[in-house]
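Peer 1: Provided herewith is a single structure, encoded as C-alpha cells, for subsequent inquiry.
The values are calculated or read from the model by the stated rules, or taken from the named source; none is laboratory data. None of the values given here were measured: they were computed from a predicted structure. Positions of Cβ are generated from backbone atoms using ideal geometry, with glycine treated the same way; all protein chains shown enter the neighbour counts. When the accessible area is computed, the model is the full protein with side chains, heavy atoms only, and any ligands, DNA or RNA have been set aside. Shrake-Rupley method; radii C 1.70, N 1.55, O 1.52, S 1.80 Å.
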Amino acid sequence: METTTGIDWKSAGWEELAPHVGRVRLPGWDCTTGLVVGDGAALLIDTGSSLREGARLRADTRRLLGTHGRVTHIALTHPHFDHVLGTAAFAGVEVYGAVGIDTVFAGGADGLRADAVRHGLDADAAAEAADLLVTPHHRVCGEWTLDLGGGLQVLLANVGPAHTGHDLAVLVPATPHGPEIVFCGDLVEESGEPQAGPDAAPRHWPAALDRLLSLGGEDARYVPGHGSAVNAEFVRAQRATLAARSGVS
C-alpha cells in the first residue's frame, strides 16, 4: 500500500500518528478530531463543537493537505454536540454515521443545542450550528470500507450501542511505517472517566470494547475521543471498569 508522506503535522498543531494519519485535541472539551490522507481523498473524523471549530478544522486541513487534495469524507463517531456541530463548515463532503444517527438528528437538534449550552458553548453559536446540523448521507450497519486511493482502505465499524446508541469506530490499517490506528470516539476516554449519559447503554459497553479490541488487535494505537492515544492494555482495563460498574462479565 502506498502512503502519503511529507505532511507537516506539527506546524499545524496536530499530532502525527502515522505519516498519513494525524489528530488534533481541540480546546475546551479536549475532543479529538482525526485526519486520514489517501491519494486524492481524505477522511475527517469528527468535526468539533461549533461552526467556528469546524471552520478552524477546515483551515487546518487545507493547510495540511496542500496539493494532496481536500477533505472528501467525514465520519461522525457518535451524535454528541462536541463531535458533530462543526460538520456544516465542510461543503460537498460525504458524511457517514452509525445507522440510526439520522433519527437522532431529525428529532434532536434542540437537544444538541441545549446540551452544548449546558456545557458552556455560547447560546448563539450553539443555535446556529444546530440549525445547520448535517445529517449523515451514509448510515453504517455492521462495517463499511472507504477507499481513499493509493491502496488505502479505511474500515468504519458500527460497534454500539455503548457510549450512545450509535457508536462508530474508524480503523486505519497498519503500514510499514506504523501500527494500525483505531479512532474510538468516546467508547474510550483517557483524560477522564468514561461518561455515560441518558443515551448510553452501559450493559452493552464492555461488549463494544471487546469488538474494538478484536478489530484493532494487540499492537494497535487506540485514539480516544478525549485524551492521549492508548494501547490495548488500557482499553482492556477500561473495559473491566465499565463491566464492574454495570454488573456484567
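Peer 1: So who's got an amide H within less than 5 Å of the one on Asp186, skipping anything under 5 residues away but keeping other chains? H placed 1.01 Å off N, in plane.
Peer 2: The answer is Gly225.
Peer 1: If you don't mind, there's one more thing I want to ask. What are the ³J(HN,Hα) values, in whole Hz, obtained from phi via the Karplus relation 6.51 cos²θ - 1.76 cosθ + 1.60 with θ = phi - 60°, for each residue of the stretch 138-154 in sequence order, with x given for Gly and Pro?
Peer 2: Whole-Hz 3J(HN,Hα) from phi for the stretch 138-154: 10, 10, 8, 10, x, 9, 9, 9, 9, 9, 9, x, x, x, 8, 10, 9.
Peer 1: While we're here: Taking a probe of 1.4 Å, how large is the accessible area per residue of the chain, in Å²?
Peer 2: Normalised by residue count, the accessible surface of the chain is 41 Å².
Peer 1: Assign one of three labels to the stretch 25-85, namely rounded, prolate or oblate, based on the Cα gyration tensor with a ≥ b ≥ c the square roots of its eigenvalues; rounded applies when a/c is under 1.5, prolate when it is not and a/b is larger than b/c, and oblate otherwise.
Peer 2: Verdict is prolate for the stretch 25-85.
Peer 1: Give the accessible area for Asp210 in Å² (nearest 10); use a 1.4 Å probe, count only protein heavy atoms, and leave out ligands, DNA and RNA.
Peer 2: Approximately 70 Å² of Asp210 is accessible to the 1.4 Å probe.
Peer 1: From the phi of every residue in the stretch 213-227, what ³J(HN,Hα) in whole Hz does the Karplus formula 6.51 cos²θ - 1.76 cosθ + 1.60 yield, where θ is phi - 60° and glycine or proline is x?
Peer 2: Those phi angles translate into 5, 5, 6, x, x, 6, 9, 6, 9, 9, 9, x, x, 9, x Hz.
Peer 1: While we're looking at this one, here's another question. How many times 2.2 N^0.38 Å is the alpha carbon radius of gyration of the stretch 1-132?
Peer 2: 1.05
Peer 1: First check a/c for the stretch 59-207, with a ≥ b ≥ c the square roots of the eigenvalues of its C-alpha gyration tensor; if it is under 1.5, answer rounded, and if not, answer prolate when a/b is larger than b/c or oblate otherwise.
Peer 2: Taking the square roots of the gyration eigenvalues as a ≥ b ≥ c, the stretch 59-207 is oblate.
Peer 1: For the stretch 162-219, what class follows from the C-alpha gyration tensor (a ≥ b ≥ c being the square roots of its eigenvalues): rounded when a/c is under 1.5, otherwise prolate if a/b is larger than b/c, else oblate?
Peer 2: prolate
Peer 1: Per-residue HN-Hα couplings for the stretch 106-119, Karplus 6.51 cos²θ - 1.76 cosθ + 1.60 at θ = phi - 60°, whole Hz, x for Gly and Pro?
Peer 2: Once rounded to whole Hz, the list reads 4, x, x, 4, 5, x, 5, 4, 5, 5, 4, 5, 4, 8.
Peer 1: Quick check: with the 1.4 Å probe, what order do His137, His68 take by accessible area, largest first?
Peer 2: His137, His68
Peer 1: Modelling each spin label as a point 7 Å along the Cα-to-Cβ direction, I'd like the His119/Trp144 distance in nm, to one decimal.
Peer 2: The answer from the label model is 2.2 nm.
Peer 1: Hey, another quick one. With a 1.4 Å probe and all protein chains kept in place, how do Cys141, Cys184 rank by accessible area, largest first?
Peer 2: Cys141, Cys184
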